[in-house]
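Visitor: One structure, as structure tokens, below. Some questions next.
The values are calculated or read from the model by the stated rules, or taken from the named source; none is laboratory data. Because the structure is predicted, anything quoted here is derived from the model rather than measured. Cβ coordinates were reconstructed from backbone atoms using ideal geometry, including for glycine residues, and neighbour counts include every protein chain displayed. Keep in mind that these areas ignore ligands, DNA and RNA; they rest on the heavy atoms of the full protein, side chains included. Shrake-Rupley method; radii C 1.70, N 1.55, O 1.52, S 1.80 Å.
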Amino acid sequence: MWKILRHYWPEIRKYRLTVSAMALSRALEIGIELVIPFYLAAFANLIAVPFSESPEGVSSLLSIFSVIVFLYATSWLFWRITDYATIRFEIHSLKEIENRAFQEIEKQSYRFFQEMFSGSIVKKVNRFTNAFEMIIDRVIYNFLPDFIKMVVVFFIFYHKKPLLGSIFFVWVSVFLVGNYFATRWKLKFDLEAARADSRVGGVMADSLSNYAAVKAFAAEDRESERFQETTTDRTAKRKLSWMAEFKIFSFQGVISITFELLVFYLMIQWWREGTFTVGDLVFVQTYLTMLFRSLWEFGINLRRLIHSLADAQEMTEIFDLAKEVVDAPGAKPLLVSKGAVDFRNVSFSYEKEGEPLFHDFCLSLSPGEKIGLVGPSGGGKTTIVKILLRFFDLQKGEIVIDGQKITEVTQSSLRENISLVSQHPEIFHRTLKENIAFGKPDASDEAIIHSAKIANAHEFISNFPKGYDTVVGERGVKLSGGEKQRIALARAFLKNAPLIILDEATSALDSITEKFIQDSIKLLISGKTSIVIAHRLSTILQMDRIIVIDEGSIVEEGTHRELLKKKGFYAKLWEHQVGGFITDEASPLLPSDEEIDEVDLESLDEGISEGKNT
């Protein structure tokens with residue numbers, strides 16, 4: 001609980017005067033409410049005497065009535081002050097908590113987003129924000145008044161009847177201690193229910209964000225069944241939580257009824273002794289009614305509070321999560337003057353205890369040099385991009401840009417100096433203008449249009465009724481694959497960073513369009529240190545150097561012509577793409593004829609039918 005509240009404390013401390021006003025006005029309101037029964041008791045004693053026996057009692061009754069009206073009016077005024085202060089506090093603090101939670105998520109490392117559902121993250125943020133509102137409301141409107149009432153009423157009862165005060169103290173102690181342990185017992189069910197709810201949100205978001213694949217594979221029924229499995233699990237977890245609350249209510253009811261019946265019995269005895277009046281009955285019963293309502297709701301509010309803490313816990317875990325990649329103390333901005341990049345004895349594995357993908361890997365790029373990276377899938381080409389952008393930290397070695405270690409500069413400055421165009425460009429649910437200007441949001445409309453023209457995107461953008469103000473939908477669903485990549489290229493042109501990375505940047509373009517924008521790509525990387533990853537070798541023919549990578553190692557390097565002369569892996573890959581077939585030695589990418597002959601095709605077919613990994 002304290003770990004969770006620690007993350008709410010900044011807002012409470014910032015608005016401490018408003019919070020103090022909330023608590024003080026609420027305390028004064030409750031104080032006035034506790035005074036009223038004294039006047040009600042006096043009023044009852046006076047009105048119990050017949051008018052014929054005490055006609056002068058009317059003026060006393062009117063005086064008491066006036067005081068009661070004043071007390072109710074003052075209580076109402078303090079109530080309104082509490083509400084007004086609470087509204088002001090919660091409106092501003094909820095906004096800041098939500099912003100802080102979003103900023104915390106944005107600061108998480110690359111691996112965090114690989115392992116989390118975006119829908120689940122959104123739910124955690126919403127629950128964390130809503131839990132704060134619930135906690136403040138419960139404390140100000142329930143727990144603070146309940147505490148004041150219990151303390152004051154105990155002293156009043158004890159002063160009037162020590163036995164009544166003692167019984168009241170025992171009853172409240174049993175009630176509160178029982179609720180505390182019952183709530184702790186129920187907490188494990190609330191946590192499970194909260195986690196199950198997050199899974200439901202994650203599965204829903206996962207399916208809806210990939211709706212095209214769901215429809216293309218006619219998987220609507222299967223996805224519905226998968227979603228139903230998660231909702232069934234959540235229902236089971238909720239049932240356990242709600243049934244636990246049902247049992248707690250039963251416990252509360254028994255001890256509450258027992259106490260009230262005992263008090264009634266004592267009042268009969270005191271009445272027989274002549275020490276208990278009608279006013280005393282009104283006095284005691286008013287307090288009991290007030291306390292029964294408060295304490296009955298205390299158990300409910302305590303469990304709601306714990307449930308809110310359970311809802312907030314998952315986001316708190318994100319706050320407390322150690323970030324995998326952080327700026328070094330005193331990190332300075334990266335200053336790129338030339339663009340030299342050096343990978344020095346780099347060893348890297350995605351898992352700390354796993355087999356290194358790179359081991360003592362070395363690669364140097366001269367200022368303005370353009371290199372192409374080719375090789376089989378999984379060989380490490382895209383990983384080079386990720387570690388250069390410092391999405392992951394190295395286990396050994398270092399990467400240096402113009403003499404500056406990337407671990408000693410700020411992550412933001414590092415990435416500001418690199419333009420990345422990936423195979424699957426990220427398109428936001430915003431206008432085309434905003435998407436192009438994402439890397440340079442202060443760019444003028446003229447610069448945006450110029451970049452789009454260079455990237456061969458202006459023509460199709462102009463065909464939209466709203467042109468550059470067209471909102472392209474979630475993940476750019478209104479755009480084709482080639483249009484998305486041209487928007488990404490336009491974004492890179494506009495950003496104009498000194499280091500360029502093209503990761504299969506033309507893979508979604510048809511051959512005619514690809515050829516058409518080759519000059520644009522040449523212009524983009526002209527005079528800049530560039531890394532171009534490609535499976536289509538036509539993209540990298542003009543590179544200063546081509547690096548062939550396999551299993552994290554450089555197996556060949558040279559210009560296109562030099563590599564063809566070597567007749568190694570690159571030459572075979574080129575022959576395959578140009579001629580359509582590999583006619584001489586077998587490619588490392590394909591099984592040999594002997595290996596194919598050894599395959600039992602009938603068994604293979606049966607294995608596929610049965611879902612085996614044959």
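Visitor: Leaving out ligands and nucleic acids, note down the accessible area per residue over the chain with a 1.4 angstrom probe, in whole Å². Spell out each step's value before the answer.
Guide: Working: 33280 Å² over 614 residues.
Heavy-atom accessible area per residue stands at 54 Å².
Visitor: Under 27 Å Cα-Cα from LYS565, which lysines qualify once same-chain neighbours fewer than 8 residues away are excluded?
Guide: LYS370, LYS381, LYS515, LYS522
Visitor: Rounded to whole Hz and in sequence order, give me ³J(HN,Hα) for region 69-78 from the Karplus expression 6.51 cos²θ - 1.76 cosθ + 1.60, θ = phi - 60°, writing x for Gly and Pro.
Guide: Residue by residue, region 69-78 yields 4, 4, 5, 5, 5, 5, 4, 4, 4, 5 Hz.
Visitor: Excluding residues fewer than 8 places away in the same chain, name every one of the lysines whose C-alpha is closer than 23 Å to that of LYS149.
Guide: Counting by Cα, and skipping residues close in sequence, LYS149 has these lysines nearby: LYS160, LYS161.
Visitor: How large, in percent, is the carbon and sulfur part of the accessible surface of the chain at a probe radius of 1.4 Å?
Guide: Values: 19840 of 33280 Å².
C and S atoms contribute 60 percent here.
Visitor: Once phi is turned into ³J(HN,Hα) by the Karplus curve 6.51 cos²θ - 1.76 cosθ + 1.60 with θ = phi - 60°, what whole-Hz value does each residue of region 245-259 show in order, with x for glycine and proline?
Guide: Going residue by residue, I get 5, 4, 5, 5, 4, 4, 4, 4, x, 5, 6, 5, 5, 4, 5 Hz, with x marking Gly and Pro.
Visitor: Enumerate the amide H contacts of PHE358 below 5 Å, restricted to partners 5 or more residues apart or on another chain; note that Pro and chain-start residues carry no placed amide H.
Guide: Here the answer is PHE348, since their amide H atoms fall under 5 Å of that of PHE358.
Visitor: Test of understanding: what is the full-extension gain from ASN45 to VAL69, defined as 0.36 nm times their sequence separation minus their Cα-Cα distance? Provide the component values of the computation, followed by the final result.
Guide: On the way: separation 24, 0.36 × 24 = 8.64 nm, distance 1.84 nm.
6.8 nm is the gain from fully extending ASN45 to VAL69.
Visitor: Another one. In this model, which of LYS3/LYS323; LYS186/LYS323; LYS124/LYS186 are farther than 29 Å apart at the alpha-carbon?
Guide: On the way: LYS3/LYS323 18 Å; LYS186/LYS323 32 Å; LYS124/LYS186 21 Å.
Among LYS3/LYS323; LYS186/LYS323; LYS124/LYS186, the Cα-Cα distance tops 29 Å for LYS186/LYS323.
Visitor: Further, regarding this structure: Label region 1-110 by shape, choosing from rounded, prolate and oblate, from the square roots a ≥ b ≥ c of the eigenvalues of the Cα gyration tensor; if a/c is under 1.5 it is rounded, and otherwise prolate applies when a/b is larger than b/c, oblate when it is not.
Guide: Prolate, because a/c is 1.5 or more and a/b exceeds b/c.
Visitor: For region 237-283, what is the convex hull (Cα atoms) projected area averaged across all directions, in square nanometres? All intermediate terms of the calculation are to be shown ahead of the outcome.
Guide: Details: hull surface 15.5 nm².
That works out to 3.9 nm², a quarter of the Cα hull's surface.
Visitor: Then there's this: Can you compute 3J(HN,Hα) from phi for each residue in region 482-488, using the Karplus curve 6.51 cos²θ - 1.76 cosθ + 1.60 with θ = phi - 60°, rounded to whole Hz and x for Gly and Pro?
Guide: Here the 3J(HN,Hα) series is x, 5, 4, 6, 6, 5, 5 Hz.
Visitor: Let me ask something else. In the chain, once you exclude exposed chymotrypsin sites (Phe, Trp or Tyr not before Pro) (DSSP loop, at most 15 other Cβ within 10 angstrom), what's the longest stretch remaining? Mind showing how you got there, number by number?
Guide: Values: sites that count: PHE51, PHE217, TYR350, PHE428, PHE581.
With chymotrypsin sites (Phe, Trp or Tyr not before Pro) excluded where exposed in loops, the chain gives 52-216 as its longest stretch.
Visitor: Under the rule of -39500 (n - 2.57) per DSSP H run of 4 or more residues, summed and divided by the residues of the chain, what mean residue ellipticity at 222 nm is obtained, to the nearest 500 deg cm²/dmol?
Guide: Details: 21 runs with 385 residues, N = 614.
One gets -21500 deg cm²/dmol as the mean residue ellipticity at 222 nm.
Visitor: With N set to the number of residues, divide the alpha-carbon radius of gyration of the chain by 2.2 N^0.38 Å and report two decimals.
Guide: Details: Rg = 36.3 Å, N = 614, 2.2 N^0.38 = 25.2 Å.
Compared with the compact-globule rule of thumb, the chain sits at 1.44.
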